[in-house]
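*Asks:* The following block contains the structure, expressed as C-alpha cells.
The values are calculated or read from the model by the stated rules, or taken from the named source; none is laboratory data. Keep in mind that this is a model prediction, so the values were computed, not measured. Note that we place each Cβ from the backbone using ideal geometry, even for glycine, and neighbour counts take in every protein chain shown. Remember, those area values only see protein heavy atoms, side chains included, never the ligands or the DNA or RNA. Shrake-Rupley method; radii C 1.70, N 1.55, O 1.52, S 1.80 Å.
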Amino acid sequence: MALASELLDFSKPLNVQLLDQTVKAFYHSANPAERSAAEEVLKQLSEHPDAWTRVDGILEAAADTDTKYYGLQILERQIKFRWVTMPNDQREGIKNYLSNMIIKLSTDEAAFRTQRVMLHKVNLTLVAVLKHEWPHNWPTFLADIVGASKTSESLCENTMHLLKLLSEEVFDFSRGEMTQAKIKELKNSLNNEFALIHELCELVLTHSQRVELLGATLETLRVFLGWIPLGYIFESNLLDSLLRLLPQPQLRNRALQCLTEIGSLVVGDYYNPHFVKLYTVFMQQLQGIVPPATNISEAHENGTDDEQAFLQNLALFLAGYFRAHIGLLKADPQGQQLLLAGLEYLLKLSYIDDDEVFKVCLDYWNALVCDLFQAECVSSAPSVESPFAFRADAGADASKVAAERALFAAPMSKLRLLMISRMAKPEEILIVEDENGNIVRETMKDNDVLMQYKTMKETLVFLSHLDHDDTETQMIGKLSLQLNGREWSWNNLNTLCWAIGSISGSMAEDQENRFLVTVIRDLLNLCEKTYGKPHKAVIASNIMYVVGQYPRFLRAHWKFLRTVVNKLFEFMHESHPGVQDMAVDTLLKIAQKCKRKFVIMQLGETQPFLSELLTNLQTIICDLEPAQVHLYYEAIGQMVQSESDQARRDQYLLQLMDPPNVMWAQIIRQARANVEYLKDPAVIKNLANILRTNVGVCTSLGQPFVTQLKLIFVDMLHVYKLYSELVSAQVASGGQHATRTSIVKLLRSVKKEVLRLIECFVERAEDCATIGQQFVPEMLDPILGDYARSVPAARDAEVLSLFATIVERLQGEVTANVPRIFEAVFDPTLQMITRNFEDFPDHRLKFFSLLRAIANNCFETLLRLEMTQLKLVMDSIVWAVHHTERNVAETGLNLLLELLRSFAKCEFAAQFYQAFFMRVLTEILAVLTDTFHKPGFKLHALILQNMFTMVENPALTLPLWDAASEGDFPSNAEYVSQKTAQLLLNSFPNMQPAQVGTFVAGLSQLKADLAQFKGHLRDFLICTKEFSSTNNAALYAEEAAIEVESARQKALQIPGMVKPSEMAD
C-alpha cells in the first residue's frame, strides 16, 4: 500500500492498475491495516478537486468493476457539488462522454446484457447532469435520445430505463432534493415534450416482439402515468394495448401495474366512459385468468412468485380503482353487478396470508366503510342518546341511501366476518402464543401489528355503525361456536374477543348492555368449563381485555362490575406468565373509569366495596410481585381519590397505607437504635418498594396524599441524606467503577424513589403555597446541598427534574430560592455534561429542562445575573443546540427561542442583543446547514424569523457591530445582512454570491409569513448541496404532525373510534 500514495500525485499519469489493486484491497483485504490505508488513499483521491479529470481513464482501463464504480462516484460527486463552477467546455465534455458511453454499452448486445449494473450507474450519473442542464442548456436532449432509440432495440430498452429514472427524480424524489422553482421547470419540460416519449412507447407496444423491451417500456409508462396529459392515455391506443398485453403471463404483472396507475387517476367527468370500459374489459379478462370460484388464498400459497405478485397487483388495482371510481359503477345495474364481483374478489384477496396484500385490502376497506358511514350519518340535530344514529331521510334522496345500503349489505356482512376472523392484537394483550405453540408473556410490542389493529378497529367501528344488529349477530354466533367447541382454538377466541373489545362505544347503550351481558356470561362459563392452565390463561386474558374496554357498561351494572373485579382478584393468584400483569393492568383501567362506583353504598350491601377491598388487602396481593403491587396500589388510590368526603378519604388512605407504613415505622425505629441496620441490602430493597408504593398512590391521589407525605417526609429526607453520604463515600474510594456495584445501585434506587415521590406530589398538588413554605425549605440542604457536594458520578439527574417541576408549579412561591438552586446545580452539572456528548445523558436533558423552567417562570432572576454569568448560560444553551441527542437539542432550541422573546420585551433588550445577537445567529445557521440537526428545522426557522424581525425593531438602539474593528454600517439590518452573506459564502464555496444575496434578502422580505419563510430556508438548504443526497423528511415534520393531530380530532367525533382508556373522563 505504500505505492498507492502515487495515486495522489497529479503531476503523473494515473496508474490504473495500481488503483485496481487499491480498490481490491479496500473491498477484499483480510488485513485491517491494509484495508484502512486503502480507504484513506481512496478518500483523499476522491476529494481532490481534479479527480474527475481522471474518470475517463479509469472507466476505459480499469479491469475491476468496483474500480469503475469508484470512478463514477467521483464524477457524480463533481456533478452534484461543483457543476456550476466548471467551465462550459468541461461540462460539454462530460455530457458527451456520458452520452457516448451509454450508446456504446447499449448498442453492443453482449455488453448490454453483462454490464447492466454499470450501465444503470452511468444512467444515474447522466440524470444528475440533466437536473442541472436540461432544458435550458440541453434543449434537444429528449429529441436526441428518442431519435437514437429507433435505431436499436437494446438502446431503446436502455432509453426506457433512463426516462424512468428521470421521471422518478422529478416527480417522486424531488421534494427536499431540488428547489421548488427547479422542480416546476423540469415538470413543465417533461409535460411539454411528452409527445416524443409517447410516440416511442406506442411504437414499441405496437411493433416490438422483444419481451425485455416491452417490459422496460411498461415499467417506464407506469412511472409516467401519474402525471402525463390525459389525452395520451384515453385518446390513443395505449389503453387497448395494455389490456391486450394483460393475458400474456410474461408481461401480465407490468401491464396490470400500468392499469392500476390509470384506474387510480382522479379526473373530471369527461373521461368517465373510458374508466367504465377499462373496468368492464378488465373484469372480463380477469375471470379467464382467475375464475370466480378459485380459492384465492390457496392459489396464493401454492403459486409461483409471479402468480403471487399478480394477486398482490390485483389487490392494488381493485383498491385503487374503487377508491377513485366506485361511484361510476354504482350508477347502473350492470355496473353494480361488476362492482359486486370486484368486491368479492377483494374479499377473497383479503384472506391471503400475506401482510402486504392484507394491508392493501385493509386500507381500502377502511376508506370504503368510512365513506359509507359518512353518507348515512345524520348531519343535523343528532339525538342525545345516539349522536350518530341513522334515519331513512338523512340524505337529500332517501331512496338512494336505502338502495346503497341494500347494494352493500352482503359485502359488508362478509367484511365483518373477515375483520373478526383476522383481528390484530391490541397493545393491552400481554399473553401470546410463541412459535412453539406455548402460551407465554409477551416481551416486546410489534409496532406493525399495533398499527394494523388501529386500522382494523376503525374499520370495525364503522361497520358496527352501519349495521349494529349484523355486527352483534356475527360476534355472538362466533362466540357460540367457541362454547360448543366447533371452532374452538386460541387464535379464533383471541381474534373474536379483540374484535368485541374494539367496538366499545359504537352501539347504543341498551344494545351494548344486552350484547355485553351475553359476551361476559359466555366467557366466564367458558373459563369455568375449560381445563388446562394454558387454555385458562388465554380465556382469562380475553375476559380481562373485553371488560377493560367497556367502562360504560360496567358503570351501569354494579353486579357485573363486582363479579369482574372479583374475577380479577382470582387471576392475581394465577401463576401463569402474564396473567397477573394483565389482571392488575385491567383493574387499574377499570378503577380509572369506574372509581366512583367503589366508594358509594350499593343497593343491598352494608358497606362500600372499597372498604371490603381494604379489609382483604393482604389476602388479595399476597401472590403479586412488587411491581404488580405498586400498580394495584395505584388502582386502589384511584378509588380513594373519588371519595368526596375528606374525613372518610383520609381514613381510606390511612387504611390503604397501613401495611407499608407499619414496615416503614419498623425500619426507622431499628435505624434509630442502630444506623448500620439501614445498610442491609434487604432493608434497602424494602425501603425502595415502600417508596414505589407511595409513588403509585400519590399518582392517583394528588393533593389528598399530603397527609401520608407528612407522615414520612422528615424520615425520608434523613434516609436520603444518609444514603447520599454512603454513595459518595463508595464512589470516592472505588472510583467510577463503584457506581456499577450492586450496593451503590440499591442505595441510589432509594434516593431516586424519594425524588420521584416528591416530584410526583408537586406535579399533582393544588396547594402550592404550602409546598413552598413547608416542604421546599426542608429539601434545600439534604437534596440540593448533597447534589453540589457529591462527586459527579454520584449525582442523581432526578434532582434536576424535581427542581424543574418545583419551579414550574410554584413559580413566584419559589423565586427567592432560585439563586440557591442555580448555585447548587449550574456549575457542577455544566462541568459534567460539556466534556463530551455521551456522558451523563440523563443529566443533559434535565439540566436544560430546569434552565427552561427558570427562564419561563422566574425570568427576573436571569436579569439579576452578572454579564459573565449570563454568558455562561448562553454558552450552555448554544452547547445544547449543537447536541446530537435530539431531545437535548430541541430543549435547547425551545429555551433559546423563549429567552429571545422574553428579552425582546424587557428593558435590557438592547444590551442583551448587542452582546449575543451575532453569536446566536452564527450558531443557528451552523446547525441549520450541517445535516445532523434536521429534526430541529421548525425551531431553527422560528428563531431566525424572530431574529430578522428583531433586527429591525426600534427597541434595538445599540449597534450590533464593533466600530473599532469592523467600521461603521447604516443600520443593524444592513450589518446583519452583510455578515450573514459573508458567513454563508465562507461556509459554502460552491455557491455564487448572487445566490447567497437572494437568500439573505429573502430572510428579511419573507419574515412576516412563516410558511413562506420556511419554504425559502428549505430551498436554500437544497442549493447548498449538503442536503441533496440525504433523507429530508425531518424538514417537513411539522406538517406531518399537524396531519396526525387533525386525524385524531376527527376520530374523536365518532363514537367508539377512540379507546375508552384514551378519552378524558
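*Asks:* Helix-derived [θ] at 222 nm for the chain: sum -39500 (n - 2.57) over DSSP H runs of at least 4, divide by residue count, nearest 500? Display every interim value, and only then the final one.
*Replies:* Working: 52 runs with 743 residues, N = 1065.
Rounded to the nearest 500, the figure is -22500 deg cm²/dmol.
*Asks:* Taking the Cα centre of the chain as the origin and placing charges on Cβ (Lys, Arg +1; Asp, Glu -1), which of Ala540, Leu200, Ile854 is farthest toward the positive end of the dipole?
*Replies:* Of the candidates, Ala540 comes out farthest on the positive side.
*Asks:* I've got another one for you. For the range 84-162 and the range 60-75, what is the centre-to-centre distance using only Cα atoms, to the nearest Å?
*Replies:* One Cα centre to the other: 17 Å.
*Asks:* Right, next: So what J values fall out for the range 260-270 if you push phi through Karplus, 6.51 cos²θ - 1.76 cosθ + 1.60 with θ = phi - 60°, rounded to Hz, Gly and Pro as x?
*Replies:* Per-residue couplings from phi come out as 5, 4, 5, x, 8, 5, 10, 10, x, 6, 4 Hz.
*Asks:* Also, quick follow-up: If you average the alpha carbon positions of the range 662-707 and of the range 540-584, how far apart do those two centres end up, in angstrom?
*Replies:* When both Cα centres are located, 30 Å separates them.
*Asks:* Let me ask something additional. What is the distance in Å between the Cα centroid of the range 187-208 and that of the range 4-47?
*Replies:* 45 Å
*Asks:* In what order, largest first, do Arg210, Arg514, Arg835, Arg764 sit by accessible area if the probe radius is 1.4 Å?
*Replies:* Numbers: Arg210 45, Arg514 125, Arg835 165, Arg764 85 Å².
I get Arg835, Arg514, Arg764, Arg210, largest accessible area first.
*Asks:* Another one. Rounded, prolate or oblate: which one fits the range 443-572, using the alpha carbon gyration tensor with axes a ≥ b ≥ c (rounded when a/c is under 1.5, else prolate when a/b beats b/c, else oblate)?
*Replies:* Values: a/c = 1.34, a/b = 1.13, b/c = 1.18.
Because its axes are fairly even, with a/c under 1.5, the range 443-572 counts as rounded.
*Asks:* Can you give the translational diffusion coefficient of the range 1-131 in µm²/s, computed by Stokes-Einstein from the Kirkwood radius over Cα pairs at 10 °C and 1.306 mPa s?
*Replies:* Numbers: Rh = 15.5 Å.
Value of D from the Cα-based Kirkwood radius: 103 µm²/s.
*Asks:* Another question, if that's okay. Show me 618-624, 198-204 ranked by packing, highest mean number of other Cβ atoms within 10 Å first. Write down the numbers at each step before the final one.
*Replies:* Values: 618-624: 14.1, 198-204: 19.3.
Peptide ranking by packing, descending: 198-204, 618-624.
*Asks:* Past the 24 Å Cα-Cα mark, which pairs from Lys595/Lys685; Lys457/Lys589; Lys454/Lys597; Lys414/Lys593?
*Replies:* Numbers: Lys595/Lys685 31 Å; Lys457/Lys589 19 Å; Lys454/Lys597 30 Å; Lys414/Lys593 34 Å.
Violating the 24 Å limit, Cα to Cα: Lys595/Lys685; Lys454/Lys597; Lys414/Lys593.
*Asks:* How much solvent-accessible surface does Tyr550 expose, in Å² to the nearest 10, with a 1.4 Å probe and all protein chains in place?
*Replies:* 0 Å²
*Asks:* Let me ask something else about it. Quick one: net charge of Gln655's neighbours, Cβ under 14 Å, K/R +1, D/E -1? Display every interim value, and only then the final one.
*Replies:* Values: positive: Arg648, Arg649; negative: Glu612, Glu643, Asp650, Asp658.
That works out to -2.
*Asks:* By what distance, in whole Å, do the Cα atoms of the range 633-687 stretch along each of the three principal axes, largest value first?
*Replies:* Computed over the range 633-687, the largest-to-smallest principal extents equal 43, 20, 10 Å.
*Asks:* Now, a different point. Along the range 546-554, what does the Karplus equation 6.51 cos²θ - 1.76 cosθ + 1.60 (θ = phi - 60°) give for ³J(HN,Hα), rounded to whole Hz, x for Gly and Pro?
*Replies:* The phi angles translate into 4, 5, x, 8, 10, x, 4, 5, 5 Hz.
*Asks:* How about Lys164: which lysines have a C-alpha closer than 16 Å to its C-alpha, ignoring those fewer than 8 places off in the same chain?
*Replies:* Lys121, Lys131, Lys187
*Asks:* Separate question: Under 25 Å between alpha carbons, and skipping anything fewer than 8 positions from Lys12 in its own chain: which lysines qualify?
*Replies:* Of all the lysines, those that pass the test against Lys12 - Cα under 25 Å, at least 8 places apart if same chain - are Lys24, Lys43, Lys68.
*Asks:* Same structure, new question: Can you order the peptides 164-170, 278-284 by their average number of other Cβ atoms within 10 Å per residue, highest first? List each step's numbers first, then the result.
*Replies:* Numbers: 164-170: 20.6, 278-284: 17.7.
Descending mean neighbour count gives 164-170, 278-284.
*Asks:* From the backbone phi of the range 279-286, what are the Karplus-calculated ³J(HN,Hα) couplings (6.51 cos²θ - 1.76 cosθ + 1.60, θ = phi - 60°) in whole Hz, Gly and Pro given as x?
*Replies:* So the J values, rounded to whole Hz, are 5, 5, 5, 4, 5, 5, 6, 4.
*Asks:* Moving on to the next point. Around Gln474, what is the net charge, scoring Lys/Arg as +1 and Asp/Glu as -1 over all other residues with Cβ under 14 Å from its Cβ?
*Replies:* Result for the neighbourhood of Gln474: -1.
*Asks:* Could you order Ser489, Ser733 by accessible surface area, starting with the largest, using a probe radius of 1.4 Å? Don't jump to the answer; show the numbers that get you there.
*Replies:* On the way: Ser489 35, Ser733 100 Å².
Final ranking, largest accessible area leading: Ser733, Ser489.
*Asks:* Now a separate question. So, counting K/R as plus one and D/E as minus one, what does the shell of residues with Cβ under 14 Å around Val290 add up to?
*Replies:* On the way: positive: Arg252, Lys348; negative: Glu298, Asp306, Glu307, Glu344.
Within the 14 Å Cβ shell, the charges total -2.
*Asks:* If you take mean projected area of the Cα convex hull in nm² from the coordinates, which of [x] 56.5; [y] 53.6; [z] 37.7 do you get?
*Replies:* Read-out taken from this structure: [y].
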